[in-house]
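K.L.:
Provided herewith is a single structure, encoded as structure tokens, for subsequent inquiry.
Throughout, read-outs are computed from the coordinates displayed, never taken from laboratory work. On a predicted model such as this, the values are computed, not experimentally measured, just so you know. Because the Cβ atoms are built from the backbone with ideal geometry, glycine has one as well, and the counts that use them run over all protein chains shown.
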């Protein structure tokens, strides 16, 4: 099954109405996303917890890495550059961190609050090669803005 971004947008809006707790928002979003698409093998957030440091947040799937520096891997690249990272083959990405040996491709998106502060990254891994597209990146970016854009730092 493939995700219906329009439908999940409505579901997330209803589930998160008036919620301001970042962890609650992350947990709810991860749960909805992870079960909405067969491509999503691991779905989770890494939170900015210190200078140029990400720490695991709510996730679904096998264990993830506990901490990731902005200088390492795909998650670090998304946090460091503020740009969506779509990686068709993780083994071809310089410095890829192999938290799970089954991961073949991934998409990582920066997460901003309403004040423009980076609060984390959304990491979605797939056990399929080239599983994600630019369209996924655009739709997921809209969902992140919808869910976290009302928060202020």
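K.L.:
So how do 113-121, 43-51 stack up, highest first, on mean other-Cβ count within 10 Å? Could you put the intermediate results ahead of the total?
P.N.:
Details: 113-121: 16.9, 43-51: 18.7.
The packing order, highest mean first, is 43-51, 113-121.
K.L.:
Suppose R0 equals 41 Å. What FRET efficiency, 1/(1 + (r/R0)^6) with r the Cβ-Cβ distance, do residue 10 and residue 71 give to the nearest 0.05?
P.N.:
Details: r = 38 Å, r/R0 = 0.93.
The pair residue 10/residue 71 has a calculated efficiency of 0.60.
K.L.:
Same structure again: Measure out, as a whole number of angstrom, how far apart the alpha-carbon centroids of region 128-150 and region 1-47 sit.
P.N.:
11 Å
K.L.:
Taking the beta-carbon count within 10 Å as an exposure proxy, list 42, 112 from fewest neighbours to most. Each step should come with its number before you reach the end.
P.N.:
Numbers: 42 22, 112 19.
Starting with the residue having the fewest Cβ neighbours, the order is 112, 42.
K.L.:
Subtract the Cα-Cα distance of residue 2 and residue 142 from 0.36 nm times their separation in residues, and report this length gain in nm to one decimal. Write out the running numbers ahead of the final one.
P.N.:
Values: separation 140, 0.36 × 140 = 50.40 nm, distance 1.73 nm.
Computed gain between residue 2 and residue 142 is 48.7 nm.
K.L.:
By how many nm would the segment from residue 113 to residue 128 lengthen if fully extended, with 0.36 nm per residue of separation less the alpha-carbon distance?
P.N.:
So the extension gain works out to 2.3 nm.
K.L.:
So what is Rg over Rh here for region 5-148, counting just Cα atoms and using Kirkwood for Rh? Kindly include the intermediate steps, with their values, before the conclusion.
P.N.:
Values: Rg = 13.8 Å, Rh = 14.9 Å.
Taking Rg over the Kirkwood Rh, I get 0.93.
K.L.:
In what sequence do 26, 53 fall when counting other Cβ within 10 Å, fewest first? Walk me through the numbers before you get to the answer.
P.N.:
Values: 26 23, 53 16.
The fewest-first ordering by Cβ neighbours comes to 53, 26.
K.L.:
Project the alpha carbons of region 8-61 onto their principal axes and report the range along each, largest first, in whole Å.
P.N.:
Reported extents, whole Å, longest axis first: 34, 30, 12.
K.L.:
If you don't mind, there's one more thing I want to ask. What does the helix-only formula give at 222 nm for the chain: each DSSP H stretch with n ≥ 4 adding -39500 (n - 2.57), the total divided by the residues, and the result rounded to the nearest 500 deg cm²/dmol? All intermediate terms of the calculation are to be shown ahead of the outcome.
P.N.:
Details: 4 runs with 49 residues, N = 153.
Rounded to the nearest 500, it is -10000 deg cm²/dmol.
K.L.:
Over the chain, with a Gaussian network built from C-alpha contacts below 10 Å, which listed residue (103, 81, 67) shows the highest mean-square fluctuation?
P.N.:
Ranking 103, 81, 67 by mean-square fluctuation puts 81 first.
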